[in-house]
Amino acid sequence: MPVSPEELRIGSKAIGFNLKGTDEKYYSLETFKDKKVLCIMFLCNHCPYVIAVQGRINQIAKDYADKSFALVGINPNDEVTYPEDSFENMKLRAKEQGYVFPYLRDDTQETALAYDAVCTPDIYLYDEKRILRYRGRIDDNWKDESMITRQELRWAIDKLLENKKIDFEIIPSMGCSIKWKI
């Protein structure tokens, strides 16, 4: 069932944040001001969907590193209920997986709430004016990388880098619900 651009918030402006990364540095929208395209992903450590695609996410960050592109991961999950998502475990995951992108902790969950994030992974792709142009899935097969036929996030990145409109149907990401604090 298609989802409308309004439901995906296509055309909305990126919302500011200032979050600590696993490298102990703080990141904000300003950090990426020199990049034409910015991808913000809400991620976590325990979700099977994220675990299945974390290598693909990191590969996208690597493949576009020499272009005017940045990818940032944000983990908003409640670490009390889900200790796997603690900041210390985020540091371990980033190191184990060799993440080449900043992996940030949203302790207060204010950033995830402001973005209306619903799942992990939840993917937001912004143009150089930080207008949301894509909020969809990475590709068409989260379970089996060998069965992928549509690399939709890569298509969207390429379109924005070329100043072109995203002209294919956007299919929302699927994943685990964000674990909100009670």
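Numbers below:
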| item | result |
| --- | --- |
| Some residue of segment 63-76 being crowded, with 20+ Cβ neighbours inside 10 Å, part of a loop (DSSP other than H, G, I, E, B) and either of a type outside the set (Lys, Arg) or in contact (Cβ under 8 Å) with a residue 24 or more places away in the chain (or both) | yes |
| Single condition Lys129 does not satisfy, out of (1) over 18 Å from Val53 (Cα atoms); (2) surrounded by 14 or more Cβ atoms within 10 Å (Cβ to Cβ) | (2) |
| Residues located in segment 24-62, provided they are in a strand (DSSP E or B), surrounded by 15 or more Cβ atoms within 10 Å (Cβ to Cβ) and either without any contact (Cβ under 8 Å) to a residue 40 or more places away in the chain or of a type in the set (Ser, Thr, Tyr) (or both) | Tyr27 |
| Among the residues listed as Tyr99, Tyr124, the single one being touching a residue at least 60 places away in the same chain (Cβ under 8 Å), closer than 30 Å to Ile182 by Cβ, under 14 Å from the mean Cα position of the chain (by Cα) and not in a strand (DSSP E or B) | Tyr99 |
| Any pair with Cβ under 9 angstrom, 6 or more apart, that starts in segment 149-172 at a residue that is closer than 22 Å to Lys35 by Cα and touching a residue at least 40 places away in the same chain (Cβ under 8 Å) and ends at one that is surrounded by fewer than 16 Cβ atoms within 10 Å (Cβ to Cβ) and polar (S, T, N, Q) | Leu161/Ser68 |
| Matching residues in segment 95-140 - criterion: being of a type in the set (S, T, N, Q) and under 13 Å from Ile74 (Cβ atoms) | Thr108, Gln109, Thr111, Thr120 |
| Which listed residue, of Asn75, Asn45, is in contact with a strand residue (DSSP E or B) (Cβ under 9 Å, 6 or more places away or on another chain), under 16 Å from Ile123 (Cβ atoms) and of a type in the set (S, T, N, Q) | Asn75 |
| Selection from segment 127-162 of residues that are of a type in the set (Val, Ile, Thr) and part of a loop (DSSP other than H, G, I, E, B) | Ile138, Ile148, Thr149 |
| Qualifying residue in segment 163-173 (condition: surrounded by 19 or more Cβ atoms within 10 Å (Cβ to Cβ) and not in a loop (DSSP other than H, G, I, E, B)) | no |
| Segment 136-147 residues that are farther than 22 Å from Ile40 by Cα, paired with ones that are assigned to a loop (DSSP other than H, G, I, E, B) (beta carbon under 6 Å, 6 or more apart) | Met147/Asn141 |
| Candidate set from segment 127-143 (those that are modelled with pLDDT of 95 or more and of a type in the set (A, V, I, L, M, F, W, C)); member that is farthest from the chain's Cα centre (by Cα) | Ile131 |
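Each row is one residue, and each column tells you yes or no for (1) touching a helix residue (DSSP H, G or I) at 6+ places or on another chain (Cβ under 8 Å); (2) closer than 17 Å to Glu128 by Cα; (3) of a type in the set (Phe, Trp, Tyr).
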| site | (1), (2), (3) |
| --- | --- |
| Glu6 | no, no, no |
| Ile40 | yes, yes, no |
| Cys47 | no, no, no |
| Val53 | no, no, no |
| Ile74 | yes, no, no |
| Glu79 | yes, no, no |
| Tyr82 | no, no, yes |
| Ser86 | no, no, no |
| Met90 | no, no, no |
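The values are calculated or read from the model by the stated rules, or taken from the named source; none is laboratory data. This structure is a prediction, so every number in the text was calculated from the model and none was measured. In this analysis, Cβ positions are derived from the backbone assuming ideal geometry, glycine residues included, and neighbour counts consider all displayed protein chains.
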